[in-house]
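A.B. asks: Once you've had a glance at the structure underneath, I'll fire off some questions.
The values are calculated or read from the model by the stated rules, or taken from the named source; none is laboratory data. No experiment lies behind these values; they were computed from the predicted model shown. Methodologically, a virtual Cβ is constructed for each residue, glycine included, from the backbone with ideal geometry; neighbour enumeration extends over all protein chains shown.
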Amino acid sequence: MNAPLLSVRDLTVEFRVPDGRTVHAVSGISFDMERGETLGLVGESGCGKSSAARALMQLPPPTGGEVWFQGTDLAAQSGAALRRLRPQLQMIFQDPIASLNPRHDVADIVAAPLRVNRRLPRAEIGARVEAMLEAVGLDPALALDRRPHEFSGGQCQRISIARALILEPSLLICDEPVSALDVSVQAQILNLLREMKARMGLTMLFISHDLAVVKNVSDRVAVMYLGRICELAPSEALYRAPAHPYTAALMSAIPVPDPTQPVRQVKLAASDLPSPMDPPSGCRFRTRCPRAEARCAADMPQPREIAPGHQVACHFPLIG
Ligand SMILES: Nc1ncnc2c1ncn2[C@@H]1O[C@H](COP(=O)(O)OP(=O)(O)OP(=O)(O)O)[C@@H](O)[C@H]1O
Ligand code: SF4
Ligand SMILES: [Mg+2]
């Protein structure tokens, strides 16, 4: 079997806040990404998804752990070595308008990564920018000399995708790329990401708080709770039979499209989420878990495999 494109080991991200306390945003997560796969990363707001994504990019570097990308530990690299590798890893963000420089036109925005990272003649840069705009569904003749505020949110996200893909990266990290868009536009952008992934052979980390969105795009899904991964499995297995009580609770919040089915209740209230400054001992989900027992407060559950490729970190999983 080929080596994974990315191997993350024990990734930890902590922030010191002015009152001297520590935010435990990401607490020792590990996973691999195979070439060409889409891995979904899902969890409630504040569980550490963006902190983990930024730490993979070394923006800023993690507090601890290893990020092996194509055989190199990014977390151990100097500035110059990182700059050489960074074009291979690109990211798109939730707020498409805010992530584009309002003073630059589309031609400059999409060309900027090429100008910084490649020595190419002007005409070659222009041709590549036009081809990339066409690939993401924008007419270069109409788009090139306009600025971001002249476009809709969906069109801005297309521009962000063009900018991220112009360097032909291996890994694309999408941090809530459709959360700010209308539902009809969400589907278009998800289709575009799927199409570009297939065309360019991308490996994708797809982050969302919405399990229904993640389900549609991901080959495998990692479920994160308060800085830790509690379950990681092929999408189909995870949705058919979740093993972690938190995954099951998240799934009960997905609307049921069939009107003959009873409406399932949302069981997770954001107000019940413990603070990442003072996370619960043992299993971090224990304060909200209907299956919690004394052992859950004493011992931190370690990830273990309950079926091929299906890992769960729980002392009393729903299956296995
Ligand atoms: N620079 C920072 N300084 C202090 N705390 C931070 C910083 N960045 C993030 N945090 C905290 O770290 C925790 C994880 O935040 P993060 O943004 O990674 O979560 P998230 O899962 O991406 O949430 P969302 O779904 O809202 O985007 C949160 O409690 C957040 O307040
Ligand atoms: S370890 Fe215990 S508290 Fe945590 S999810 Fe499993 S049963 Fe619930
Ligand atoms: Mg986030």
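A.B. asks: Taking helices (runs of 4 or more DSSP H) that do not extend beyond the stretch 1-117, which have at least 2 residues that are within 16 Å of ligand 3 (Cβ to nearest atom) and either modelled with pLDDT under 95 or more than 30 Å from residue 210 (Cβ to Cβ) (or both)?
C.D. replies: Of the helices (runs of 4 or more DSSP H) lying wholly inside the stretch 1-117, none has at least 2 residues that are within 16 Å of ligand 3 (Cβ to nearest atom) and either modelled with pLDDT under 95 or more than 30 Å from residue 210 (Cβ to Cβ) (or both).
A.B. asks: Is there any pair with a first residue in the stretch 71-85 that is closer than 16 Å to residue 32 by Cα and a second that is polar (S, T, N, Q) and part of a loop (DSSP other than H, G, I, E, B) whose Cβ atoms are under 8 Å apart and which are 6 or more apart or on different chains, and what are they?
C.D. replies: As it stands, the answer is 74/58; 75/58, since those pairs meet every condition given.
A.B. asks: Considering only the stretch 271-306, state which residues are of a type in the set (A, V, I, L, M) and within 16 Å of ligand 1 (Cβ to nearest atom).
C.D. replies: Selection gives 273, 277.
A.B. asks: Another question, if that's okay. Pick out the one residue from 279, 274, 290 that is of a type outside the set (Ser, Thr, Tyr), part of a loop (DSSP other than H, G, I, E, B), modelled with pLDDT of 90 or more and over 20 Å from residue 48 (Cα atoms).
C.D. replies: Unique residue meeting the criteria: 290.
A.B. asks: Moving on to the next point. So the check is Cβ under 7 Å with 6+ separation or different chains; which pairs have a first residue in the stretch 16-38 that's exposed (fewer than 15 other Cβ atoms within 10 Å of the Cβ) and a second one that's hydroxyl-bearing (Ser, Thr, Tyr)?
C.D. replies: Once the first residue is exposed (fewer than 15 other Cβ atoms within 10 Å of the Cβ) and sits in the stretch 16-38, its partners that are hydroxyl-bearing (Ser, Thr, Tyr) give 16/22.
A.B. asks: Something else: Provide a single number: the residues in the stretch 1-15 that are under 14 Å from residue 50 (Cα atoms) and in contact (Cβ under 8 Å) with a residue 40 or more places away in the chain.
C.D. replies: Here the count works out to 4.
A.B. asks: If you don't mind, there's one more thing I want to ask. Only one of (1) in contact with a Phe, Trp or Tyr (Cβ under 6 Å, 6 or more places away or on another chain); (2) in a strand (DSSP E or B) fails for residue 246. Which number is that?
C.D. replies: Only one criterion is unmet by residue 246, namely (2).
A.B. asks: Shifting gears a bit: Among the listed residues 103, 86, 9, which satisfies the condition of being buried (at least 18 other Cβ atoms within 10 Å of the Cβ), of a type in the set (D, E, K, R) and either under 30 Å from residue 129 (Cα atoms) or away from ligand 1 (no atom under 14 Å from the Cβ) (or both)?
C.D. replies: Checking each option against the conditions leaves just 86.
A.B. asks: If you don't mind, another one. Of the residues in the stretch 61-70, how many are crowded, with 20+ Cβ neighbours inside 10 Å and in contact (Cβ under 8 Å) with a residue 60 or more places away in the chain?
C.D. replies: Qualifying residue count, the stretch 61-70: 2.
A.B. asks: What are the residue pairs meeting all of these: first residue in the stretch 43-60, first residue in contact (Cβ under 8 Å) with a residue 12 or more places away in the chain, second residue among the aliphatic types (A, V, I, L, M) and within 8 Å of ligand 3 (Cβ to nearest atom), Cβ atoms under 8 Å, and 6 or more apart or on different chains?
C.D. replies: 49/207; 50/207; 53/207
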